[in-house]
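Colleague: Please see the structure below; I have some questions.
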Amino acid sequence: MRPGLRATYERLILDRPVLVLSAVALITLAAAWFTQYFALDASADSLVLERDADLRYYRFIKARYGSDDYLIVTYTPESELFADETLRDLGSLRDELASLAFVEKVTTVLDVPLVASPRVKLREIATGVRYLENLETDRGLARAELLESPLYRDLIISADGRTTALRVDMRADEKYLSLREARDELREKQAAQELSPDETSDLAALTSELDELRLELIAQEERDIAAVRTVLDAHRSAASLHLGGVPMIIADSIEFIRRDLLVFGAAVLVFLVVILASVFKKRRWIVLPLLTCAATCVFMVGLLGFLGWRVTIVSSNFLSLVFILCLALTLHFIVRYRELHEKAPEAGQRVLVSKTVARIVTPCLYTALTTIVAFGSLLFSGIRPVIDFGWTMSIGVAVAFVYSFTLFPAGLMLLPPGSPRSRNDLTKRITLFFAGLIRRHGPATLIVFSLLAVIGVSGATRLSVENRFIDYYRDSTEIYQGMELIDRKLGGTTPLDVIIDAPAGGGELPAPAADAFDDFDDFLAAEGDAGAGLTSRSFWYNSRNLGEVLAIHDYLDGLAETGKVVSLATAVRILEQLDPGIVRDNFELSVLYERLTPDLRQALFTPYLSADGDQLRISVRVFESDPSLHRAKLLQRIRADLTEELSLRDDQIHLTGMLVLYNNMLESLFQSQILTLGVVFLAIMLMFLALFRSLRVAATAVVPNLLAACLVLGLMGWFGIPLDLMTITIAAITVGIGVDDTIHYVHRFRLEFARDGNYWESIARCHQSIGRAIYYTSITVMLGFSILALSQFVPTVYFGLLTSLAMLVALLANITLLPLLIVTFRVAGRGRRCGAAGSA
């Protein structure tokens, strides 16, 4: 630290400890006030890319054909599904769910229209539709129709007839949808051109209002899901019930985040007390770090509440990470202070604290900056939750640095220095063991790390981004169990919509038979309607093109990855069961469409054919639990086959749905991984050059951390652990945190080397001093990250364990490979007494 800065720091912080502590307390208490606005979010937006072009189209399709934000309740009764007592219980469950204020509609096997129980003629279809709970319905025929229906089988009832599904449609918030539409339009305009001042103001106001409303809706949705579960609990004696659907996944994920925050916080707190008590054996070294870390975390929670930033599954571990990184800074302070105190036991407290700050502030500043750079690199990922995690942790590290060099030293100034205690001999023996090891076995050490580098590079080439969303949750959770049951029994979980437009210009419509639509108009006039039939204006719903619709449907249904497929072809096949020749007669097709009851039209046509009849929607369910599922290849194959084998034009085909949005996010992970790592290493090299003012030192210092990142990615590749929302951050964070030890070691080595110019003696002294601090902080960070294994969110478990492993590799590399490279390449110059291995 420069003399002027040091004098200013001492005057402001060390000479006024009470004032500093009062100011810090006031700031922390002010932040604590805003913790009441701290909020969690686990919406489907966490699975999509920031400003994904496909997201806009997805929302457009959902607005046209209906949202997939509904709940699914699987119902597997103890007795036979079609038994009277079972159907009574099912009806009671439906009615209780439908009575909830937030439920718009509940659909069960009791409510779907039946046309073959007994079979009705097409001319009677307007009056002959029956429902399972009608007295005139033949129960045996209804069972057969439901199990054989192209529409209902594997959608609302399992093929074995043992499990049925209740679809619970929740009321949409029109205000939220309207605000989101207006905001997205302004965002798109902003991306294309500069907004006017009024539009910029409108965008800010819309964003703020939408965020507030979204928080209210998320809280309300949690209460709604709890109400649904209360209803389900009353029926669990009669049936095995599982709840599924996007709203339930969001609500449960928020609960997992809340649990993780509490568990991680408590576990880290206990861990902190245990490790500080066992290592330093003095109350002050427990209380002061605890206060510093706790105050930092309170400030961060309050800041997030003040800014309105919400914590997602990806950032649910931020509190424990901030705690751990703040602890690492205070550990460096403690180790250096104790070292100076042992050398000068009679020194006063101000002298000891002043010298400690002067010795560690520069490396600690650079370590904080490199960690900020590591987390800051996540801003380039393009994935909103990862970007938010990067911002949160970057700010958290900066706050931790400020608190560590204000609250901690000011608190220490109020305490007497006491008498120094001897250092931990075990730690000293461990660090000196590694110093002796590399001095005696330098070539062997280089060979071992070279082999590790080869393993890492070769494994990294095997990395995959393909992973199953179902695997994000433990198999003990209802999310996992519900998704697995729906996959296995009810035709798949992940929705994919295949949208087929009519050819540009409308193509050639089939010519109607002479006077056919004159007859149709006469028919409609007799029925009280007027106008030509749907077959006269629809490109797809006519005798000529229905064959193509059937071919597209059958192709998608035949794919190994797809489960239930529903489309206009499904309606045609149901109608063919009533009249095999109907698809050859446009007149009868039009008459039939006009005569359908609202329920039948909603079930067979509205979700799968646009109002003008020129756009098909084919609803496909994909087996999420299929371990061989490869989304990108599936989407590529579908598009290629539809164009090459079924002769559709590429501009007619649109693939959308959560499968597409999720795949877009996965596909971006490779690019994001390369980009974030590139940003980290470039920034760290520049910082090394600024700190050490030597390209040779900078290049040498970056090697151990590059090896750690490479090895952890390689192990992920070898063990088949895919990149996901969490594991994508491991490499950059490993480099950013691991490089902290490198900075401290190189900085201390240059000081030691200046004493006598002897490489090996300088390294031995480094291992006895800064080596112990590196050992403590690395073990602390490793154990802290391993606490994340307690999470209910599986990627967080992988993140914690893999980052702990990476930090172990970084620790070993920094106390073995780094000093060996320093000696081998003589980064500090030739030296005055750089003897051979074994010499003094």
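Colleague: Any idea which of (1) open to solvent by 20 Å² or more (accessible area, probe 1.4 Å); (2) in contact with a Gly (Cβ under 8 Å, 6 or more places away or on another chain); (3) at pLDDT 90 or above is the one Arg162 doesn't satisfy?
Modeller: Among (1) open to solvent by 20 Å² or more (accessible area, probe 1.4 Å); (2) in contact with a Gly (Cβ under 8 Å, 6 or more places away or on another chain); (3) at pLDDT 90 or above, the lone unmet condition for Arg162 is (2).
Colleague: In region 713-746, which residues are over 21 Å from Gly396 (Cα atoms), of a type outside the set (A, V, I, L, M) and touching a Phe, Trp or Tyr at 6+ places or on another chain (Cβ under 8 Å)?
Modeller: Across region 713-746, the qualifying residue is only Asp724.
Colleague: Of the residues that make up region 47-56, is at least one open to solvent by 50 Å² or more (accessible area, probe 1.4 Å) and modelled with pLDDT of 75 or more?
Modeller: yes
Colleague: So, in region 630-641, of the ones that are of a type outside the set (D, E, K, R) and out of contact with any strand residue (DSSP E or B) (no Cβ under 7 Å at 6 or more places or on another chain), which residue ends up most open to solvent (accessible area, probe 1.4 Å)?
Modeller: Gln636
Colleague: Something else now. Grab the helices (runs of 4 or more DSSP H) fully contained in region 360-473, keeping just those with 1 or more residues being surrounded by 22 or more Cβ atoms within 10 Å (Cβ to Cβ), of a type outside the set (Phe, Trp, Tyr) and within 18 Å of the chain's Cα centre (by Cα).
Modeller: Once the helices (runs of 4 or more DSSP H) in region 360-473 are filtered for at least 1 residues that are surrounded by 22 or more Cβ atoms within 10 Å (Cβ to Cβ), of a type outside the set (Phe, Trp, Tyr) and within 18 Å of the chain's Cα centre (by Cα), what remains is 384-404.
Colleague: Would you call Ser672 outside any strand (DSSP E or B) and open to solvent by 10 Å² or more (accessible area, probe 1.4 Å)?
Modeller: Judged against the criteria, Ser672 is not a match.
Colleague: Whether any residue in region 22-30 is open to solvent by 20 Å² or more (accessible area, probe 1.4 Å) and either at pLDDT below 85 or in a loop (DSSP other than H, G, I, E, B) (or both) is what I want to check.
Modeller: No.
Colleague: Then there is this: Please work out which one of (1) out of contact with any Leu (no Cβ under 6 Å at 6 or more places or on another chain); (2) farther than 30 Å from Glu222 by Cα; (3) among the polar types (S, T, N, Q) is the condition Thr76 fails and give its number.
Modeller: (2)
Colleague: Going by what's in this entry, would Asp224 be described as crowded, with 18+ Cβ neighbours inside 10 Å and either touching a Cys at 6+ places or on another chain (Cβ under 7 Å) or at positive phi (or both)?
Modeller: Against the criterion (crowded, with 18+ Cβ neighbours inside 10 Å and either touching a Cys at 6+ places or on another chain (Cβ under 7 Å) or at positive phi (or both)), Asp224 does not qualify.
Colleague: Looking for something in a helix (DSSP H, G or I), surrounded by fewer than 24 Cβ atoms within 10 Å (Cβ to Cβ) and touching a residue at least 24 places away in the same chain (Cβ under 8 Å) - is there at least one such residue anywhere in region 304-314?
Modeller: Yes - at least one qualifying residue is present in region 304-314.
Colleague: Is it true that some residue in region 717-731 is assigned to a helix (DSSP H, G or I), open to solvent by 10 Å² or more (accessible area, probe 1.4 Å) and small (Gly, Ala, Ser)?
Modeller: No, the conditions are met nowhere in region 717-731.
Colleague: State which residue pairs qualify: first residue closer than 18 Å to Ser536 by Cα and inside region 575-601, second residue of a type in the set (D, E, K, R) and not in a helix (DSSP H, G or I) in any location, beta carbons under 8 Å apart, and separation of 6 or more residues or different chains.
Modeller: Glu588/Asp579; Glu594/Asp529
Colleague: Does Arg167 count as modelled with pLDDT of 85 or more, closer than 30 Å to Thr493 by Cα and open to solvent by 50 Å² or more (accessible area, probe 1.4 Å)?
Modeller: yes
Colleague: So, one more: Of the residues Asp111, Asp89, Asp84, only one is acidic (Asp, Glu) and more than 43 Å from the chain's Cα centre (by Cα); which?
Modeller: Residue meeting the stated conditions: Asp84.
Colleague: When residues of region 624-642 are filtered for being over 27 Å from Ala63 (Cβ atoms) and assigned to a loop (DSSP other than H, G, I, E, B), how many remain?
Modeller: Qualifying residue count, region 624-642: 6.
Colleague: Being out of contact with any strand residue (DSSP E or B) (no Cβ under 6 Å at 6 or more places or on another chain), under 27 Å from Leu426 (Cα atoms) and assigned to a helix (DSSP H, G or I) is the requirement here; does Val287 meet it?
Modeller: yes
Colleague: Scan region 189-200 for residues that are exposed (fewer than 13 other Cβ atoms within 10 Å of the Cβ) and not hydroxyl-bearing (Ser, Thr, Tyr) and jot them down.
Modeller: Matches in region 189-200: Ala191, Ala192, Gln193, Glu194, Pro197, Asp198.
Colleague: Okay, next question. Quick test of your reading of the structure: Glu645 fulfils all but one of (1) closer than 21 Å to Ala53 by Cα; (2) open to solvent by 20 Å² or more (accessible area, probe 1.4 Å); (3) at pLDDT 90 or above. Name the failing condition by number.
Modeller: (1)
Colleague: Residues of region 158-194 being under 26 Å from the mean Cα position of the chain (by Cα), in a loop (DSSP other than H, G, I, E, B) and of a type in the set (A, V, I, L, M, F, W, C), which ones?
Modeller: Matches in region 158-194: Ala172 only.
Colleague: Tell me which residues, restricted to region 201-220, are charged (D, E, K, R) and open to solvent by 50 Å² or more (accessible area, probe 1.4 Å).
Modeller: Asp202, Glu209, Glu212, Glu216, listed by residue number.
Each row is one residue, and each column tells you yes or no for (1) touching a residue at least 12 places away in the same chain (Cβ under 8 Å); (2) β-branched (Val, Ile, Thr); (3) in contact with a His (Cβ under 7 Å, 6 or more places away or on another chain); (4) in a helix (DSSP H, G or I).
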site: Val735; (1), (2), (3), (4): yes, yes, no, yes
site: Phe753; (1), (2), (3), (4): yes, no, no, yes
site: Ala773; (1), (2), (3), (4): yes, no, yes, yes
site: Met782; (1), (2), (3), (4): yes, no, no, yes
site: Ala789; (1), (2), (3), (4): yes, no, no, yes
site: Leu801; (1), (2), (3), (4): yes, no, no, yes
site: Ile822; (1), (2), (3), (4): yes, yes, no, yes
site: Arg826; (1), (2), (3), (4): yes, no, no, no
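Colleague: Okay, next question. State which residue is surrounded by the most Cβ atoms within 10 Å (Cβ to Cβ) when the search covers only region 262-285 and only residues that are small (Gly, Ala, Ser) and touching a residue at least 40 places away in the same chain (Cβ under 8 Å).
Modeller: Ala267
Colleague: Follow-up. Could you tell me which residue of region 315-328 is modelled with the highest pLDDT, considering only residues that are open to solvent by less than 10 Å² (accessible area, probe 1.4 Å) and of a type outside the set (A, V, I, L, M)?
Modeller: Only one residue fits best here, namely Cys326.
Colleague: Filter region 741-780 down to the residues that are under 21 Å from Thr330 (Cα atoms) and β-branched (Val, Ile, Thr), then identify the one that is most open to solvent (accessible area, probe 1.4 Å).
Modeller: Going through the qualifying residues, I end up with Ile779.
The values are calculated or read from the model by the stated rules, or taken from the named source; none is laboratory data. Note that the structure is a prediction, hence the values are computed from the model and not measured. Neighbour counts are summed over all protein chains in view; Cβ atoms, including those assigned to glycine, are modelled from backbone coordinates with ideal geometry. SASA here: full protein model, heavy atoms, side chains in, ligands and nucleic acids out. Shrake-Rupley method; radii C 1.70, N 1.55, O 1.52, S 1.80 Å.
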